[in-house]
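Visitor: Got a structure here, written out as structure tokens. Questions coming.
The values are calculated or read from the model by the stated rules, or taken from the named source; none is laboratory data. All of these numbers come straight from a predicted model, not from anything done at the bench. As a convention, Cβ positions derive from the backbone with ideal geometry for all residues, glycine included, and neighbour counts pool all protein chains shown.
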Amino acid sequence: MRERLIRLGFTSGALILALGVTALLISMFDHSPIDVLETAWDGAFKDGRRFSAVVNFWIPLTLASIGLVVTFTAGLWNIGIEGQMIIGAVCASWAGLYFEAPSVILIPTCILLGAIGGMLWGMLAGLLKLRFGVHEIFGGVALNFIAANIAIYFISGPWQPPEGGSAQSTPPFQAAATLPRISDDLQFNLLFLLITIGAIIAIGLLLMFTRWGLTLRAVGKNAQSALLLGVRTERVTLSAFMVCGALGGIAGAHRVLQAYSSLRPSPAGGIGFLALLVVLLISFRAWWVPFIAFALAAIIAGSTRVKTLLQLDQSLAGVLQGLIVLTILIFNGLADRLTRKDHHE
């Protein structure tokens, strides 16, 4: 209990410090921090449409982040999550373009193909590590690059618009692939929302209460010791990559179905890399993912309105994100030292 209170106090202190430094920077440019905060709040929550933009960013960010919790728990730096999202987006796009079926069949098919594509791409990163000794960081970076070029190949090649080659976008998906919205104001899809909430609950429970979760933690703590105790470390490692890849693929499917209704270059939009920051911020604790991801989604959505109304550059959101990440990582390190000291005593 004392350890949890220490971590909560340090995390709260880090957030307060980051907000204080940001307020100081805003004041240096002759703007009121209160005005900026109110404008950012309006940009994210003033009406249903703006709130929908936050939710539509939160869904793929949360799916990617909860997947990364799995690989990080197993001690794996899955830098390739961005590529897994892109391949998921490509696979979902094939169905959106060419698989003719009613919406009730087509949309789940797009999601399923996205999950399969991301899972296979994640499995490839695992096989590179296990069979060829390629560290997941280097393998992930290479696979991200390859995935991005695969998307560009399909956009400018086989799936180009009828009027000719284009590196901008495929033709729009068929009408049956359009995601139904909850209402005119709440423009997000209920199915994806339920999938995201289900993923949070499922991964949280699996990590806490199942043998698979226990073996993931064992491999993450010390793979050699886990192997000596009879844990099939290669199988555990591969399963972690595949689960993360599947969730990343679903996130990629959401991006092309919700945000674009077509396949475009870099469909993941950097969300995979932002998910890495989310996981670092929460120290791999699954239940924190939706809250931190929602806060970052709101900051990004609100910063657009700040730029429009107050003529402050949108990079202010990046400054705030960077400060939050840096201060929380520093304060988490201090909390770890303090709790370790208590254990030794």
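Visitor: Among the residues of segment 214-233, count how many are modelled with pLDDT under 85 and outside any helix (DSSP H, G or I).
Guide: Result for segment 214-233: 2.
Visitor: Still on this structure, please answer the following. In the set ALA240, ALA177, ALA202, which member is of a type in the set (Gly, Ala, Ser) and within 17 Å of CYS110 (Cβ to Cβ)?
Guide: Numbers: ALA240 fails: within 17 Å of CYS110 (Cβ to Cβ); ALA202 fails: within 17 Å of CYS110 (Cβ to Cβ).
Of ALA240, ALA177, ALA202, the one residue that is of a type in the set (Gly, Ala, Ser) and within 17 Å of CYS110 (Cβ to Cβ) is ALA177.
Visitor: Report the residue count in segment 134-151 for those that are over 10 Å from TRP77 (Cα atoms), over 18 Å from the mean Cα position of the chain (by Cα) and either aliphatic (A, V, I, L, M) or not in a helix (DSSP H, G or I) (or both).
Guide: Looking only at that region, the number is 5.
Visitor: Looking at segment 133-161, I want the residues that are without any contact (Cβ under 8 Å) to a residue 12 or more places away in the chain and buried (at least 22 other Cβ atoms within 10 Å of the Cβ) and have a partner that is part of a helix (DSSP H, G or I) and hydroxyl-bearing (Ser, Thr, Tyr) with Cβ atoms under 9 Å, at least 6 apart or on another chain. Which pairs are those?
Guide: From segment 133-161, no pairs qualify.
Visitor: Still on this structure, I have one more. Can you name the residue in segment 229-268 that is under 19 Å from ALA199 (Cβ atoms) and polar (S, T, N, Q) and is also surrounded by the most Cβ atoms within 10 Å (Cβ to Cβ) among such residues?
Guide: Residue satisfying both the conditions and the ranking: GLN258.
Visitor: Could you tell me which residue of segment 175-211 is surrounded by the fewest Cβ atoms within 10 Å (Cβ to Cβ), considering only residues that are outside any helix (DSSP H, G or I) and among the β-branched types (Val, Ile, Thr)?
Guide: Here is the first cut: in segment 175-211, the ones outside any helix (DSSP H, G or I) are 178-189, 210.
Cutting the leftovers down to among the β-branched types (Val, Ile, Thr) gives us 178, 182, 210.
Working: THR178: 17, ILE182: 14, THR210: 11.
Selected residue: THR210.
Visitor: Still on this model: Determine whether MET242 is under 18 Å from LEU130 (Cβ atoms) and in a helix (DSSP H, G or I).
Guide: On the way: under 18 Å from LEU130 (Cβ atoms): yes; in a helix (DSSP H, G or I): yes.
Taking the combined requirement at face value, the residue satisfies it.
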